[in-house]
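Asks: Quick one: the structure is below, questions incoming.
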Amino acid sequence: MGKIYSTTTQGIMWLGDYSEGSLMSLLEPITSRTSEIIPRACAIEAFNFLERLASDCHFEDNEIDPIITTRPGAPDAVSSLTMLMSLSWWRRIWTVQEVVLPQKIMFQCGYLQLSLETFDKAGQNFNKHFGNGCCPIDEENSWCLAELVIRMNTITTLREGPNDWDDLVFALNAFSNRFASDKRDKVYGLLGLFPTLFSSLSIDYSLPYAYVYTKTLIELIKLSGSLLPLLRSRETNPDLSLPSWVPNWDTKTEDVAPGIWDINFYNDWDAAGGRLATLGVTSYTTLSLLGCLVDSVVCSKDEEFTDPTTGLSSLIRCFPESLPLIYPSGGTYVDAFLRSTEISHGATFKRPCYFLTKKGLLGVSDNNLETGDEVYILFGGNVPFILRSAPNTRSLDRFYTYVGHSYVSGIMEGEVFEENTREQWVYLL
């Protein structure tokens, strides 16, 4: 299908149909996220709302254009847009190729049509006005419009040129919560965006989905020399069919585009000092990588701190010794903790877990850490990784399970390699 879509001059995206149903349905909670139909009045109001936003009007400016306060008896604009964005088209994996590859895109609901450019411009203008503070809007309504912004950004990012390995990593994460009747389609449904880049990845439904995910990850690391493909949002219920180091690209999260904040965070750093990933003997159960052990975790706090002073004090109290006044890389522990909280508040770690290591390094991750977890800089990794000794193995064997990525103050720009650090192989199970 990728070949067909890539030669299409204009694609019509059929979002769904509308009905003449009662507007009372708007007063009921939206219980289904896979609807195929919305009331006609809601479709009209949503399309009108998008056109008004795209024209750069100030919302809530009733004298110029009453966007939020609509005509008497009509559905309100934000609820209508919420219903439009809840149509199942937005949540199916195979619609990604439809909207990314054709030269021009028109969205259609019933007989209503609106261009991709209008959708995108509406999102941009909302972002601008909301960000400037000139058009305040309550949190419930802002979330619907934020969803529009994120969905348009993910689509336009790929339309601007899906031609490299990091675009596939972006797509695998951003669309991991889209629906597919077959888990393998979470990969196969995106390969059509990259017809020449991944010749080694062919569509074969005789292969188990765990093999497909694992092979895709290994090929991405080989092609790029980067460990960016390892990143994933916090997995509350890991798929035990997959090795710990393979992301589950079939997530059930309600996030609009899971993983994109992690990718943005990852690209800001260079913990490995430009060293490319070095793969040793690797199988479909074990990933062998070259890296350096930094330290091990001695205490952690898996909570969000509203007061940095209280948060740092709580973390220090669980440290087994007295910490020095000066942080290992310079400055104070307050500075290091504030940097870590800034990172976590930047939406990178949704449930931050702050930790201290034996040497007094302070960091934050997005997973429940345990005492004894080890902080590694792995070649090809822009950020430190948290690894846990695998059960029933000796510590000297260096067999680990993957826990997650992290921020550790003072070692994010290759500083570890300025010391006499010993390189070693690690084996992820």
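The values are calculated or read from the model by the stated rules, or taken from the named source; none is laboratory data. Owing to the predicted nature of the structure, the values given are computational and were not obtained by experimental measurement. FYI the Cβ positions are ideal-geometry reconstructions off the backbone, even for glycines, and counts take in every protein chain you see. Note: areas computed on protein heavy atoms with side chains; ligands, DNA, RNA excluded. Shrake-Rupley method; radii C 1.70, N 1.55, O 1.52, S 1.80 Å.
Asks: If I ask for residues that are part of a loop (DSSP other than H, G, I, E, B), under 22 Å from the mean Cα position of the chain (by Cα) and over 18 Å from N267 (Cα atoms), which ones from the range 355-405 would you list? Give the derivation first.
Replies: Keep residues of the range 355-405 that are part of a loop (DSSP other than H, G, I, E, B), which gives 358-361, 366-373, 379-384, 390-394, 398.
Filter once more, so that each one left must be under 22 Å from the mean Cα position of the chain (by Cα): 366-369, 380-384.
Listed by number, the residues that qualify are N367, N368, L369.
Asks: Could you list, ordered by first residue, the pairs with Cβ atoms under 8 Å in which the first is in the range 241-263 and among the acidic types (D, E) and the second is modelled with pLDDT under 95 and in a helix (DSSP H, G or I), at least 6 apart or interchain?
Replies: As it stands, the answer is D262/N173, since those pairs meet every condition given.
Asks: Filter the range 161-207 down to residues that are open to solvent by 30 Å² or more (accessible area, probe 1.4 Å) and over 19 Å from the mean Cα position of the chain (by Cα), then give me how many there are.
Replies: 15
Asks: For S86, only one of the following conditions fails: (1) surrounded by 20 or more Cβ atoms within 10 Å (Cβ to Cβ); (2) modelled with pLDDT of 85 or more. What is its number?
Replies: Unmet for S86, out of (1) surrounded by 20 or more Cβ atoms within 10 Å (Cβ to Cβ); (2) modelled with pLDDT of 85 or more: (1).
Asks: For the structure I just gave you, tell me whether A257 is at pLDDT 85 or above and assigned to a loop (DSSP other than H, G, I, E, B).
Replies: no
Asks: Let me ask another. Just for the range 408-429: of the residues that are without any contact (Cβ under 8 Å) to a residue 24 or more places away in the chain and part of a loop (DSSP other than H, G, I, E, B), which one is nearest to D335 (Cα to Cα)?
Replies: Of everything passing the filter in the range 408-429, E419 is nearest to D335 (Cα to Cα).
Asks: If you don't mind, another one. Is it true that some residue in the range 390-399 is modelled with pLDDT of 85 or more, buried (at least 21 other Cβ atoms within 10 Å of the Cβ) and touching a Leu at 6+ places or on another chain (Cβ under 8 Å)?
Replies: no
Asks: Of all residues in the range 304-323, how many are open to solvent by 80 Å² or more (accessible area, probe 1.4 Å) and assigned to a loop (DSSP other than H, G, I, E, B)?
Replies: Total meeting the criteria: 5.
Asks: Would you please list the contacts, defined by Cβ atoms under 9 Å and residues six or more apart or on different chains, that run from a residue in the range 370-388 that is of a type in the set (S, T, Y) to a residue that is in a loop (DSSP other than H, G, I, E, B)?
Replies: Y376/P384
Asks: Take T421 and tell me if it is closer than 24 Å to L227 by Cα, buried (at least 21 other Cβ atoms within 10 Å of the Cβ) and polar (S, T, N, Q).
Replies: Working: closer than 24 Å to L227 by Cα: yes; buried (at least 21 other Cβ atoms within 10 Å of the Cβ): no; polar (S, T, N, Q): yes.
Here the answer is no, as T421 does not meet what is asked.
Asks: Something else about it: Which condition breaks for D250 when tested against (1) farther than 27 Å from L145 by Cα; (2) modelled with pLDDT of 90 or more; (3) assigned to a loop (DSSP other than H, G, I, E, B)?
Replies: Against the list (1) farther than 27 Å from L145 by Cα; (2) modelled with pLDDT of 90 or more; (3) assigned to a loop (DSSP other than H, G, I, E, B), D250 comes up short only on (1).
Asks: Can I ask one more? Can you tell me which residue is nearest to E423 (Cα to Cα) among those in the range 291-316 that are modelled with pLDDT under 95 and of a type in the set (S, T, Y)?
Replies: S300
Asks: Next question, about the same structure. Please determine, by comparing only the residues of the range 129-139 that are on the phi < 0 side of the Ramachandran plot and free of Cβ contacts under 8 Å to residues at least 60 places away in the same chain, which one is surrounded by the most Cβ atoms within 10 Å (Cβ to Cβ).
Replies: Checked the range 129-139; the qualifying residue surrounded by the most Cβ atoms within 10 Å (Cβ to Cβ) is F130.
Asks: Which of the residues spanning the range 266-302 are out of contact with any strand residue (DSSP E or B) (no Cβ under 8 Å at 6 or more places or on another chain) and among the charged types (D, E, K, R)?
Replies: Answer for the range 266-302, where residues must be out of contact with any strand residue (DSSP E or B) (no Cβ under 8 Å at 6 or more places or on another chain) and among the charged types (D, E, K, R): D268, D270, R275.
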